[in-house]
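J.: This is the structure I have questions about; it appears just below.
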Amino acid sequence: MRSHGIPWLKRELGTTKAGIVLGVMRETHNLWERRAPLCPNHVESLLDKYSSTGKLQKVIIQPSNTRVFSNSQYENAGAVVQEDLEEADLILGVKRPLDEKDVLPGK
């Protein structure tokens, strides 16, 4: 994430709140999927670089037993592991959700 990219993200999200909340969804398209859009090192780097400047509030990781990285690795990197991604401004995933009910409106 480029630091100068934050203003366009604020415009796209229609928000000027202090910092965004980044979410990582559990993969539902293929149940065997082990890939992750962010690894724990990425989470730690993003939080180190952007949380002190107020550009990133937190990173939420939806728990998964099949992802190549464990939930505890993400927690150790500073992420919050929880089911609910509602407060995330931007949700990342490897593939689109299999079921439309898994898509949050406006995300």
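J.: Is there any pair with a first residue in region 78-91 that is within 16 Å of Y50 (Cα to Cα) and a second that is outside any strand (DSSP E or B) and among the acidic types (D, E) whose Cβ atoms are under 8 Å apart and which are 6 or more apart or on different chains, and what are they?
T.: Sorted first by the residue in region 78-91, then by its partner, the pairs are G78/E44.
J.: Also, I was wondering about something else. Conditions first: (1) farther than 14 Å from L92 by Cα; (2) touching a residue at least 12 places away in the same chain (Cβ under 8 Å); (3) open to solvent by 50 Å² or more (accessible area, probe 1.4 Å). K58 passes all but one, so which condition is the exception?
T.: Tallying (1) farther than 14 Å from L92 by Cα; (2) touching a residue at least 12 places away in the same chain (Cβ under 8 Å); (3) open to solvent by 50 Å² or more (accessible area, probe 1.4 Å), K58 fails exactly one: (1).
J.: Still on this structure: Considering region 34-68 alone, what residues qualify as being closer than 17 Å to L85 by Cβ and over 13 Å from the mean Cα position of the chain (by Cα)?
T.: S64, R67
J.: Further question: How many of the residues making up region 53-79 are assigned to a loop (DSSP other than H, G, I, E, B) and either among the aromatic types (F, W, Y) or farther than 14 Å from V21 by Cα (or both)?
T.: At the first step, the residues of region 53-79 found to be assigned to a loop (DSSP other than H, G, I, E, B) are 53-55, 62-70, 77-79.
Restricting the remaining residues to those that are either among the aromatic types (F, W, Y) or farther than 14 Å from V21 by Cα (or both) gives 63-70, 77.
Number satisfying all stated conditions: 9.
J.: Within region 26-55, track down each residue that is among the charged types (D, E, K, R) and either at pLDDT 95 or above or surrounded by fewer than 16 Cβ atoms within 10 Å (Cβ to Cβ) (or both).
T.: Filtering region 26-55 down to residues among the charged types (D, E, K, R) leaves 26-27, 33-35, 44, 48-49, 55.
Of everything in region 26-55, those that are among the charged types (D, E, K, R) and either at pLDDT 95 or above or surrounded by fewer than 16 Cβ atoms within 10 Å (Cβ to Cβ) (or both) turn out to be R34, R35, E44, D48, K49.
The values are calculated or read from the model by the stated rules, or taken from the named source; none is laboratory data. Treat the numbers as computed from the prediction; the structure is a model and nothing was measured. All Cβ positions, even for glycine, are placed from backbone atoms using ideal geometry, and neighbour counts span all protein chains on display. For accessibility, only protein heavy atoms count, side chains too; no ligands or nucleic acids. Shrake-Rupley method; radii C 1.70, N 1.55, O 1.52, S 1.80 Å.
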